[in-house]
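**Student:** I'd like to ask some things about the structure below.
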Amino acid sequence: MNERELDLTESQKATKSRYPPIKKKYEYLDHTADVQIHSWGDTLEEAFEQCAMGMFGYMTDTETVEPTDTIDVESEGDDMESLLFHFLDDWLYKFSADLFFVPREIKVLSLDRMHFRIRSIGWGEEFSLPKHPQGTEVKAITYSAMQIHDKETPEIFAIVDI
């Protein structure tokens, strides 16, 4: 399952066509009860960005999101896996508990591999059912089968609880 297709209203299609298409470097892999996101990038920072966007892409069509607001997110961990966990969890919090913020794009501004800190920024808006198609709610991030491969083409595998 590479791409998740959500039914869009005419209004949602109009918003989607106002902006350039989003370059997606993630896919959804089959998993028993949850969703496994496989992301990649030219850098580890881009793989992190794409993993978060894969999470939001499961909840809505991110191309219907207008980049009208900006949110900063800073996360830290004890190792790279816990850093990825907290990074995704902090972004999920912005959506589900804090501001109902859904990004069109996330950019990692800094990734400190020595102290396990990451700073990122997202451009998007408040989630609105009339404007954004409803996908499947992501309830939580898991450590299950989490993998971070920092190689020539960095890859991440993360399972989210739906």
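Here is a yes/no grid of residues against (1) among the small types (Gly, Ala, Ser); (2) closer than 19 Å to PHE85 by Cβ; (3) assigned to a loop (DSSP other than H, G, I, E, B):
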site: VAL102; (1), (2), (3): no, no, no
site: HIS115; (1), (2), (3): no, yes, yes
site: SER120; (1), (2), (3): yes, yes, no
site: GLY135; (1), (2), (3): yes, no, yes
site: ALA145; (1), (2), (3): yes, yes, yes
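**Student:** So if I check each of ALA97, ALA52, which one is assigned to a helix (DSSP H, G or I), closer than 29 Å to LYS131 by Cα, of a type in the set (Gly, Ala, Ser) and at pLDDT 95 or above?
**Tutor:** On the way: ALA97 fails: at pLDDT 95 or above.
It is ALA52.
**Student:** Against the condition under 13 Å from MET80 (Cβ atoms), free of Cβ contacts under 8 Å to residues at least 40 places away in the same chain and either of a type outside the set (D, E, K, R) or surrounded by fewer than 18 Cβ atoms within 10 Å (Cβ to Cβ) (or both), how does ASP98 come out, does it pass? Quick ask: steps written out before the conclusion?
**Tutor:** Values: under 13 Å from MET80 (Cβ atoms): no; free of Cβ contacts under 8 Å to residues at least 40 places away in the same chain: yes; either of a type outside the set (D, E, K, R) or surrounded by fewer than 18 Cβ atoms within 10 Å (Cβ to Cβ) (or both): yes.
Criteria not met by ASP98.
**Student:** Mind checking which pairs have a first residue in region 140-159 that is within 9 Å of LEU44 (Cβ to Cβ) and in contact (Cβ under 8 Å) with a residue 24 or more places away in the chain and a second that is in a strand (DSSP E or B) and open to solvent by less than 30 Å² (accessible area, probe 1.4 Å), Cβ under 8 Å, 6 or more apart or different chains?
**Tutor:** Sorted first by the residue in region 140-159, then by its partner, the pairs are ILE148/ILE156; ILE156/ILE37; ILE156/HIS38; ILE156/SER39.
**Student:** Residues of region 125-139 being free of Cβ contacts under 8 Å to residues at least 60 places away in the same chain and surrounded by 14 or more Cβ atoms within 10 Å (Cβ to Cβ), which ones?
**Tutor:** GLU126
**Student:** State which residue is nearest to SER75 (Cα to Cα) when the search covers only region 1-51 and only residues that are aromatic (Phe, Trp, Tyr) and surrounded by 15 or more Cβ atoms within 10 Å (Cβ to Cβ).
**Tutor:** Step one: of region 1-51, the residues aromatic (Phe, Trp, Tyr) are 19, 26, 28, 40, 48.
From the residues that got through so far, the ones that are surrounded by 15 or more Cβ atoms within 10 Å (Cβ to Cβ) too are 26, 28, 40, 48.
Details: TYR26: 22, TYR28: 24, TRP40: 20, PHE48: 12 Å.
Top of the filtered list is PHE48.
Yes or no, residue by residue, for (1) charged (D, E, K, R); (2) under 26 Å from ASP34 (Cα atoms); (3) in contact with a strand residue (DSSP E or B) (Cβ under 9 Å, 6 or more places away or on another chain):
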position: LEU99; (1), (2), (3): no, yes, yes
position: GLU105; (1), (2), (3): yes, yes, yes
position: SER110; (1), (2), (3): no, no, yes
position: PHE116; (1), (2), (3): no, no, yes
position: SER120; (1), (2), (3): no, yes, yes
position: PRO130; (1), (2), (3): no, no, no
position: PRO133; (1), (2), (3): no, yes, no
position: GLU137; (1), (2), (3): yes, yes, no
position: HIS149; (1), (2), (3): no, yes, yes
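**Student:** Filtering region 140-162 down to residues that are touching a Leu at 6+ places or on another chain (Cβ under 6 Å) and not β-branched (Val, Ile, Thr), which residue is least open to solvent (accessible area, probe 1.4 Å)?
**Tutor:** PRO154
The values are calculated or read from the model by the stated rules, or taken from the named source; none is laboratory data. For clarity, every value in this text was computed on a predicted model and none was experimentally measured. So basically every Cβ, Gly included, is an ideal-geometry build from the backbone, and we count neighbours across all protein chains shown. Quick note on the areas: whole protein, heavy atoms, side chains included, nothing else; ligands and nucleic acids left out. Shrake-Rupley method; radii C 1.70, N 1.55, O 1.52, S 1.80 Å.
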